[in-house]
Structures are given as C-alpha cells and as structure tokens.
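Below is one structure, written out as structure tokens; comments come after it.
The values are calculated or read from the model by the stated rules, or taken from the named source; none is laboratory data. Just so you know, these numbers come straight off a predicted model, no measurement behind them. Cβ placement follows ideal geometry from the backbone for every residue including glycine, while neighbour counts extend to all protein chains displayed. Remember, those area values only see protein heavy atoms, side chains included, never the ligands or the DNA or RNA. Shrake-Rupley method; radii C 1.70, N 1.55, O 1.52, S 1.80 Å.
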Amino acid sequence: MLKHLRTFEQQVALVLEGLVVALLAAAASLGAYQVLTRFVLHQPASWTEALTRVFLVWMVCLGAALAVRAGSLVAFDVLRTIGGGRFGKFFQLVGLASSNLFFSMLAWTGYEITERVRFQNLAGLEISIAWSYAALPVGGGLAALLALFTFIRVWNEPPVESADRAVD
C-alpha cells in the first residue's frame with residue numbers, strides 16, 4: 001500500500017513540475033511578447049498582461065504543493081536539527097499537519113470565493129475571473145494532498161539522528 005501511495009505521489013509531483021515549468025515559460029513568453037508589441041511595434045496587446053497574471057497565480061499555487069512535498073514551505077529546520085531523532089520527527093509531523101490544515105482551509109475558502117466571482121469577467125480577456133481564482137482550491141487541494149502523503153511517509157520512516165548534534 002505504501003509503495004503504491006509513494007508511486008502515486010511521485011506521479012502527481014511529476015505532472016505538477018511539468019505544469020509549473022510550462023506556466024513559467026508561458027508567462028515569460030507573454031511578457032516578452034508584451035514588450036515587443038508595446039515598445040517595438042507601438043501596438044500594445046492588452047490581453048498579455050492579464051493572461052500573464054493568471055499564469056503566475058496558477059504557477060504559485062501549484063508550486064506551493066511541490067514546496068510542501070519537498071519540505072521547504074513550512075520548515076522546522078532549527079528544531080529538527082537541534083532535537084534530531086524523535087523530537088525532530090515530531091516537529092516535522094506537526095509542520096505537515098499544520099500545512100495540511102492550512103491548505104485544506106485554503107481549498108475550501110478558495111472554492112467559495114471562486115463560486116462568488118464566477119459571473120465577473122477578467123479585464124482584458126473577457127473570460128470569467130473564476131479561472132484565475134480557481135487556482136486557490138486546486139492548488140490548496142493538491143498541497144493538502146501532498147502534505148498528507150508526506151505525513152504518511154514521514155510517519156512510517158524511522159527517526160533520523162541529526163549529524164549536527166554533538167556526540168559525547
């Protein structure tokens with residue numbers, strides 16, 4: 001069971017990494033296109049700025065899920081390093097549980113906000129602004145899921161003694 005969970009976690013992370021990289025490339029390309037049309041062609045494209053902003057919001061929300069999985073979003077490094085072993089593992093688990101709670105609340109609140117704004121249009125694109133706000137429930141849900149997977153993985157690993165602690 002844990003092996004299948006780990007494989008699923010890795011596949012989700014791989015897909016998210018690809019999406020985040022694609023969104024960054026698209027945002028950079030749109031920014032370059034905007035500069036070209038504004039300063040070289042003197043015919044600014046108003047839609048590029050709005051679409052770039054949507055891509056950046058999605059990139060950050062999906063990237064947060066990857067940061068949770070990597071352990072670099074909420075880190076108790078100092079306590080984990082000082083305590084090591086079971087003490088360090090305890091704080092890592094507390095951090096993951098807190099992250100899971102936060103991102104679950106973000107997903108729920110993001111869903112409610114997305115529902116409220118679905119009839120408003122995004123200036124410059126004439127599409128529903130809900131497409132931009134949808135990054136909150138999707139990113140929050142994925143971050144909560146990956147925090148849960150990481151919690152399960154850490155729970156089942158033996159505590160690791162810190163190399164930084166002095167040995168008597």
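Do we have any residue at all in region 116-132 that's among the hydroxyl-bearing types (Ser, Thr, Tyr) and under 30 Å from LEU30 (Cα atoms)?
yes
If a residue has to be part of a helix (DSSP H, G or I), open to solvent by 30 Å² or more (accessible area, probe 1.4 Å) and either without any contact (Cβ under 8 Å) to a residue 60 or more places away in the chain or of a type in the set (Lys, Arg) (or both) to count, how many in region 49-73 make the cut?
Initially, region 49-73 is screened for residues part of a helix (DSSP H, G or I), giving 49-70.
Those still in the list that are open to solvent by 30 Å² or more (accessible area, probe 1.4 Å) too: 49, 51, 53, 55-60, 66, 69-70.
Now drop any that are not either without any contact (Cβ under 8 Å) to a residue 60 or more places away in the chain or of a type in the set (Lys, Arg) (or both), which leaves 53, 55-56, 59, 69-70.
So the answer is 6.
Does region 113-124 contain any residue that is at pLDDT 85 or above, in contact with an Asp or Glu (Cβ under 7 Å, 6 or more places away or on another chain) and within 22 Å of LEU145 (Cβ to Cβ)?
no
Could you please tell me which pairs satisfy a Cβ distance under 8 Å, a separation of 6+ or placement on different chains, a first residue in region 9-21 that is touching a residue at least 12 places away in the same chain (Cβ under 8 Å), and a second residue that is β-branched (Val, Ile, Thr) and open to solvent by 90 Å² or more (accessible area, probe 1.4 Å)?
Nothing qualifies.
I'd like the full set of residues that are assigned to a loop (DSSP other than H, G, I, E, B) and open to solvent by less than 80 Å² (accessible area, probe 1.4 Å), limited to region 94-120.
The answer is VAL117, and nothing else.
Taking PHE39 as meeting all but one of (1) in contact (Cβ under 8 Å) with a residue 24 or more places away in the chain; (2) open to solvent by 50 Å² or more (accessible area, probe 1.4 Å), write down the number of the exception.
Result: PHE39 fails condition (1) only.
Being surrounded by fewer than 15 Cβ atoms within 10 Å (Cβ to Cβ), out of contact with any strand residue (DSSP E or B) (no Cβ under 6 Å at 6 or more places or on another chain) and within 23 Å of LEU136 (Cα to Cα): is that true of SER46 here?
On the way: surrounded by fewer than 15 Cβ atoms within 10 Å (Cβ to Cβ): yes; out of contact with any strand residue (DSSP E or B) (no Cβ under 6 Å at 6 or more places or on another chain): yes; within 23 Å of LEU136 (Cα to Cα): no.
Considered against the rule, which asks whether it is surrounded by fewer than 15 Cβ atoms within 10 Å (Cβ to Cβ), out of contact with any strand residue (DSSP E or B) (no Cβ under 6 Å at 6 or more places or on another chain) and within 23 Å of LEU136 (Cα to Cα), SER46 comes out as no.
Out of all the residues in region 3-48, which are of a type in the set (A, V, I, L, M, F, W, C), closer than 25 Å to ASN121 by Cα and outside any helix (DSSP H, G or I)?
ALA45
Report yes if ARG80 is in contact with a Pro (Cβ under 7 Å, 6 or more places away or on another chain) and either at pLDDT 95 or above or in a helix (DSSP H, G or I) (or both), otherwise no.
no
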